[in-house]
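Just below is one structure, and these are the notes that go with it.
The values are calculated or read from the model by the stated rules, or taken from the named source; none is laboratory data. All of these numbers come straight from a predicted model, not from anything done at the bench. Because the Cβ atoms are built from the backbone with ideal geometry, glycine has one as well, and the counts that use them run over all protein chains shown. Side chains included, ligands, DNA and RNA excluded: accessible areas come from the protein's heavy atoms. Shrake-Rupley method; radii C 1.70, N 1.55, O 1.52, S 1.80 Å.
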Amino acid sequence: MNRFFVSSKNIGDKCLIIDKKDDVNHINKVLRLKVGDDIEVADGMKWEYIAEIISLNKDIVEGKIVDKNACAKEPDIDFTLFQGIPKKGKMDLIIQKNVEIGIKGIVPVKMDRSIGKLGEKYDKKRARYNGISESAAKQCKRGIIPEISLEMTFDEMMNRITDFDLIIFPYEGEENLTIKKYLQNENSSDKKIEKAAIMIGPEGGFSKNEVRKIEECGIRPVSLGKTILRTETAGMVALSMAMYELEM
């Protein structure tokens, strides 16, 4: 069954409306759904629905709500990925796969060794990135659409991560503390983990100056294993390991 995201303002007690042009076209021209067919709808916040199509045209699809449940597919912990801006084209894969795994949000970060640039045209890129996030969220039946945030500098990231209960800092220079040991220790403490941050460097990794600043904040680097991972792979691996250790 196909899933669509609808604003809560378009959802009533008994019926809901899909009026986003791309979704209406997809229902009519690609899926060729008809009156009487069922669809899944999520409000992107708390609830998901089964709706029976009762009318449709080129502008609007109307559905009768036949079932309503609290979203059960979202992780208990909100994970945010702070991703060092990679070379052109790699962000698409980073967004798609991390959304599939369970990320809550992704923040592009300009770091010392970032080769890729977002710059003045980032508004258009961001719209496309959020479209990739929505498509991935639909495909894996997420309850929310993870947001791809405005880009920020390294120092802005360091100011923001103080809001998180857990910070995962994979670094290729760390050989002793594995992410598994680190997470087991954090999970056994009395601290309740509700928000977790994952920091990933761009191609070339973190600079020595950035590592120094991170460690001065009391954040310990961890190892993801014996091999050196690409920037587009490291976030997925760290997120998967963290969800396995903390969620399952």
log10 I(q)/I(0), Debye, Cα-only the stretch 1-96, no solvent, q = 0.18 Å⁻¹? -0.84
Using only Cα atoms and rounding to the nearest 10 degrees, what angle (0 to 90) does helix 231-247 make with the longest principal axis of the chain? 80 degrees
Let me know the whole percent of all Cα-Cα pairs from the stretch 153-209 that are separated by more than 20 Å. 33 percent
In debye, nearest 20: dipole of the stretch 24-116 around its Cα centre with unit charges on the Cβ of K, R (+) and D, E (-)? 640 debye
How far is helix 90-101 tilted, in degrees, relative to the longest principal axis of the Cα atoms in the chain, given as a value from 0 to 90 rounded to the nearest 10? 70 degrees
Would you work out the relative contact order for the chain, in percent, from Cα pairs under 8 angstrom that are 6 or more residues apart? 20 percent
Under 18 Å from the Cα of K226, which lysines turn up, not counting those fewer than eight places away in the same chain? K180, K181
Using alpha-carbon pairs under 8 Å, 6+ residues apart, how would you state the relative contact order of the stretch 131-248 in percent? 31 percent
With respect to the cross-link table entries K117/K191; K104/K124; K14/K124; K125/K213; K46/K97; K90/K138, which display a Cα-Cα separation exceeding 28 Å? K117/K191; K14/K124; K125/K213
Rounded to two decimals, the Debye log10 I(q)/I(0) of the stretch 178-236 (Cα scatterers, no solvent) at q = 0.19, 0.21 Å⁻¹ is -0.87, -1.03
Take E215 and D59, extend 7 Å from each Cα along the Cα→Cβ direction, and tell me the distance between the two endpoints in nm. 6.3 nm
Ordering T178, T227 from largest to smallest accessible area (1.4 angstrom probe), what's the sequence? T227, T178
Sequence of K9, K88 when ordered by accessible area, the most exposed leading, probe 1.4 angstrom: K88, K9
Write down the percent of antiparallel bridges among all DSSP beta bridges whose residues are both part of the chain, to the nearest 5. 45 percent
Gaussian network model of the chain, Cα springs within a sub-10 Å range: biggest mean-square fluctuation belongs to which of V35, V211, V222? V35
Measure of compaction for the chain (Cα Rg per 2.2 N^0.38 Å): 1.13
For the stretch 136-248, take the alpha-carbon Rg, divide it by the Kirkwood Rh, and send me Rg/Rh. 0.95
Per residue, accessible area of the chain with a 1.4 Å probe, heavy atoms of protein chains only, in Å², comes to 54 Å²
Please work out the C-alpha center-to-center distance from the stretch 157-228 to the stretch 98-145 and express it in whole Å. 21 Å
Ordering D76, D22, D190 by the accessible surface of their heavy atoms, 1.4 Å probe, largest first, yields D190, D76, D22
Quick check on the stretch 48-136: what are the equivalent-ellipsoid semi-axes from the Cα gyration tensor, as sqrt(5λ), descending, whole Å? 34, 18, 9
